[in-house]
Amino acid sequence: PAMPQLALAIFCAVTISSLVPGIVGAIYCAWTRRKQRKRTPTYDLNIPIDYNALGIGGLDKELTEIRRRALASRTLSPQEVEEMEIEHVRGILLYGPPGTGKTLIARKIGGLLKAASTKIVNGPEILDKYVGVSEQRIRELFAAAECDQDRQGANSGLHVIIFDEIDAICKKRGEMDNHVNDTIVDQLLAKMDGIEQLNNILVIGITNLPELLDSALLRPGRFEIQMKVINLPDEAGRLQIFEIRTAKLKENNKLDGSVNLKELAKKTKQYSGAGIAGLITMADFKRALGEKPKKKEEKDQNEQNVDESSSLKKSEEKEEKANMTLSKKKTYNPIKRVRHYVAKKTCDALRGD
Ligand SMILES: Nc1ncnc2c1ncn2[C@@H]1O[C@H](COP(=O)(O)OP(=O)(O)OP(=O)(O)O)[C@@H](O)[C@H]1O
Ligand SMILES: [Mg+2]
């Protein structure tokens, strides 16, 4: 009687073990599907953005606008997206003069939108002297998004791809001597709005020179949101930038108690975000070299005994002078002047002047 029992036991064991992989596979599939459903990108546009935590000052209006316009359709469920054949916004163009925070915004957008991945590439890095390599690089940038879309369809996470200095690769077609530029534009358009089009991407182009771009790029379905990041920050914005840039110093007790950020914000009219960042870097630099405020300012200690203040005062005087002489000449570029000033002072400090 032991033999039939043993045979039965072996039979049962073999049957169960052959069924196990199937059962485990089914459970795994159901579980991943559930997980995918949980990963559904749903956004609540009413949740306010913590700009200080983001480290972006004075650009509240631009960021809120980007979030509202680029994300309206992404608040819908994947099912609604499929049923209504919704096409999400796939491109944003940020343009404006240097140092106004375009690259900074673009870098933060991925986090803000809870993107699955964020890639940033400089336009000139895409270019290659060999035929087809530049186009290949564009395709590689989109490969992960493509794979995700194939596997997960409307449930796919968002892939943010940033092209800084996009004017280097997307100049008007038909105007260049070589045709590399034309095929790069074609390739980018194909991924954004062609047969190979993806619905899980957000491409951000950044440029100082939007007038150089091929107009086909700016059509709806491509870089349809165009945001001019031009305004120099107002006093409240400048205060925000000062607060962001000195937060770490404050946290580590390296910021003198006499530093009045409000006053600095008042005094830095016409400064861009980069200008303010440059000033603080220079103040740090001076402190690192143990530079003391000049005698003249030392007399006036109650009012201004901060390195930053003294450098700002000087910078203002210089700016005024420059403004007077420059107004006779051509246009006045405050950002260039700040950069020039910062560079010169840094050199002076290095020389020990
Ligand atoms: N609004 C801002 N808030 C905080 N920091 C800022 C802001 N704008 C600029 N900065 C600082 O200035 C630096 C330069 O800014 P960013 O690189 O974003 O300028 P940009 O507009 O991309 O300039 P460009 O057109 O020359 O590339 C940043 O690293 C950042 O530290
Ligand atoms: Mg930039």
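Values in this text are rule-based calculations from the coordinates and carry no lab data. Fair warning: this is a prediction, and the values are worked out from it, not measured in the lab. Cβ sites come from the backbone with ideal geometry, for glycine too, and all protein chains shown count toward neighbours.
Structure values in brief
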read-out: Ordering of 257-266, 194-203 by burial proxy (mean other Cβ atoms within 10 Å per residue, highest first); value: 194-203, 257-266
read-out: Per-residue HN-Hα couplings for region 100-112 [Karplus 6.51, -1.76, 1.60; θ = phi - 60°; Hz; x = Gly/Pro]; value: 8, x, 5, 5, 4, 4, 4, 4, 7, 4, x, x, 4
read-out: In range of the label at LYS262: residues from region 50-91 whose backbone nitrogen is under 19 Å from the point 7 Å along Cα→Cβ; value: 58
read-out: Stretch gain in nm, segment VAL133-ASP60, where the contour uses 0.36 nm per residue and the Cα spacing is subtracted; value: 22.4 nm
read-out: Equivalent ellipsoid semi-axes, region 75-222, via Cα gyration tensor eigenvalues times 5, rooted, Å; value: 25, 18, 14
read-out: Modelled FRET efficiency - R0 22 Å, GLN79 with CYS147, Cβ distances, 0.05 increments; value: 0.50
read-out: Gain on full stretching of the segment that runs from ASN122 to VAL20 - 0.36 nm per residue minus C-alpha separation; value: 31.7 nm
